[in-house]
Amino acid sequence: MGGNRIRIAPSLLSADFSRLREDVARVEGGGADLLHVDVMDGHFVPNLTLGPFIVKAIHRAATTPLDVHLMIDDPATYAEEFAAAGSSLLVYHVECREGGPETAEKFRSLGVSPGVAVRPDTPVDAIEAHLPLVDMVLVMSVMPGFAGQSFMPEVLTKVRALREEYGFTGDIQMDGGIGPSTIAVCAAAGANVFVAGSAVFKAPDPVAAVADLRARAEEAFKNHR
Ligand code: DX5
Ligand code: ZN
């Protein structure tokens with residue numbers, strides 16, 4: 001990872017799991033860079049989704065790297081299983097029970113690219129000690145748990161702070177309410193990896209939606225640099 005290339009990561013939470021292979025192939029054909037997989041344990045967030053068994057099935061259906069967003073209390077405990085299931089990136093939340101910097105080290109030791117996520121109500125200084133250890137920071141732009149929520153523009157100050165005050169040169173991902181009307185302000189603030197669930201899978205043409213998001217982000221990110 002790195003290099004701050006614009007990457008679009010459709011979130012499979014909004015895909016049709018009864019025809020997952022077709023939905024994966026469609027967004028891969030449309031130029032998705034990553035497939036975002038939302039793992040929720042019903043404890044860290046009030047929703048329950050899927051575990052390593054399904055990640056493995058998605059991996060078999062995919063040619064694109066899997067970006068696995070762990071909204072669970074025990075990311076270190078389950079790290080081996082998610083790594084073995086085919087995750088390329090594994091992202092833990094700083095707010096969870098096992099949200100210390102050693103979780104980033106554990107992910108890296110398993111050959112997976114580590115990322116750390118912050119909820120909208122968590123200040124960016126909470127992840128200062130994690131920054132030298134991770135390849136990516138996920139700045140959540142909704143409260144984690146559900147697709148289809150409204151984008152929270154106030155989190156953009158955290159993206160700017162990561163670039164300007166902390167000098168973070170890794171990838172900055174945003175997740176939650178990202179779509180044609182919100183992606184440009186995020187890229188202009190310095191984010192370069194964009195998760196989109198509803199904006200891709202609920203669009204009339206998911207292929208065109210991926211291309212449109214990328215074009216908007218690339219244009220705005222140029223202006224950031
Ligand atoms: C929410 C998840 C998101 C979700 C995004 O907790 O982390 O990845 O799928 O969905 P949209 O793009 O619809 O907000
Ligand atoms: Zn997510």
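The values are calculated or read from the model by the stated rules, or taken from the named source; none is laboratory data. Computed from a predicted structure; not experimentally measured. So basically every Cβ, Gly included, is an ideal-geometry build from the backbone, and we count neighbours across all protein chains shown.
Residues being among the aromatic types (Phe, Trp, Tyr) and within 16 Å of ligand 1 (Cβ to nearest atom): count how many of those fall in the stretch 27-61.
As a first pass, look at the stretch 27-61 and keep what is among the aromatic types (Phe, Trp, Tyr): 44, 53.
Filter again for within 16 Å of ligand 1 (Cβ to nearest atom), leaving 44.
Number satisfying all stated conditions: 1.
Would you confirm whether or not the stretch 36-44 contains a residue that is in contact with a Pro (Cβ under 9 Å, 6 or more places away or on another chain) and under 18 Å from Lys202 (Cβ atoms)? Give the steps one after another, and end with the answer.
First pass over the stretch 36-44, keeping only residues in contact with a Pro (Cβ under 9 Å, 6 or more places away or on another chain): 36, 38-40, 44.
So of that shortlist, the ones also under 18 Å from Lys202 (Cβ atoms) come out as 36, 38.
Yes, the conditions are met somewhere in the stretch 36-44.
Among the residues that make up the stretch 128-145, is at least one of them among the charged types (D, E, K, R), part of a loop (DSSP other than H, G, I, E, B) and free of Cβ contacts under 8 Å to residues at least 24 places away in the same chain? Outline the logic, then answer.
Step one: list which residues in the stretch 128-145 are among the charged types (D, E, K, R), which gives 128, 135.
Imposing the further condition that a residue be part of a loop (DSSP other than H, G, I, E, B) reduces the set to 135.
If we keep only those that are free of Cβ contacts under 8 Å to residues at least 24 places away in the same chain as well, we get none.
No.
Search the stretch 195-218 for residues that are closer than 20 Å to Gly148 by Cβ and touching a residue at least 24 places away in the same chain (Cβ under 8 Å) and pair each with any residue that is crowded, with 23+ Cβ neighbours inside 10 Å and hydroxyl-bearing (Ser, Thr, Tyr) when their beta-carbon atoms are under 7 Å apart and the residues are at least 6 apart or on different chains.
Going by the 7 Å Cβ cut-off, the qualifying pairs are Val195/Ser11; Ala196/Ser11; Gly197/Ser11.
Out of all the residues in the stretch 163-183, which are within 12 Å of ligand 1 (Cβ to nearest atom) and assigned to a helix (DSSP H, G or I)?
Result: Ile183, single match.
Which of the residues that make up the stretch 113-127 are away from ligand 1 (no atom under 12 Å from the Cβ) and either in a helix (DSSP H, G or I) or not aliphatic (A, V, I, L, M) (or both)?
Matches in the stretch 113-127: Ser113, Pro114, Gly115, Asp121, Thr122, Pro123, Val124, Asp125, Ala126, Ile127.
Taking the stretch 190-218 on its own, how many of its residues are under 16 Å from Arg5 (Cβ atoms) and either at pLDDT below 95 or buried (at least 17 other Cβ atoms within 10 Å of the Cβ) (or both)?
Within the stretch 190-218, the subset under 16 Å from Arg5 (Cβ atoms) is 190-195, 210-211, 213-218.
Adding the requirement that they be either at pLDDT below 95 or buried (at least 17 other Cβ atoms within 10 Å of the Cβ) (or both) leaves 190-195, 210, 213-214, 216-217.
Selection size over the stretch 190-218: 11.
When the stretch 51-72 is examined, which residues are found to be within 16 Å of ligand 2 (Cβ to nearest atom) and closer than 21 Å to Lys106 by Cβ?
Step one: of the stretch 51-72, the residues within 16 Å of ligand 2 (Cβ to nearest atom) are 51, 54-55, 58, 64-72.
Residues satisfying the conditions are Gly51, Val55, Pro65, Leu66, Asp67, Val68, His69, Leu70, Met71, Ile72.
Quick check: is even one residue across the stretch 102-112 assigned to a loop (DSSP other than H, G, I, E, B), without any contact (Cβ under 8 Å) to a residue 60 or more places away in the chain and touching a Gly at 6+ places or on another chain (Cβ under 9 Å)? So that I can check it myself, show each step before the final result.
Step one: list which residues in the stretch 102-112 are assigned to a loop (DSSP other than H, G, I, E, B), which gives 110-112.
Going one step further and asking which of them are without any contact (Cβ under 8 Å) to a residue 60 or more places away in the chain, we end up with 110-112.
Checking which are touching a Gly at 6+ places or on another chain (Cβ under 9 Å) leaves us with none.
No.
Residues in the stretch 103-119 that are under 14 Å from the mean Cα position of the chain (by Cα) and over 17 Å from Asp67 (Cβ atoms): how many?
Going through the stretch 103-119, the residues under 14 Å from the mean Cα position of the chain (by Cα) turn out to be 113-119.
If we keep only those that are over 17 Å from Asp67 (Cβ atoms) as well, we get 119.
Number of matching residues: 1.
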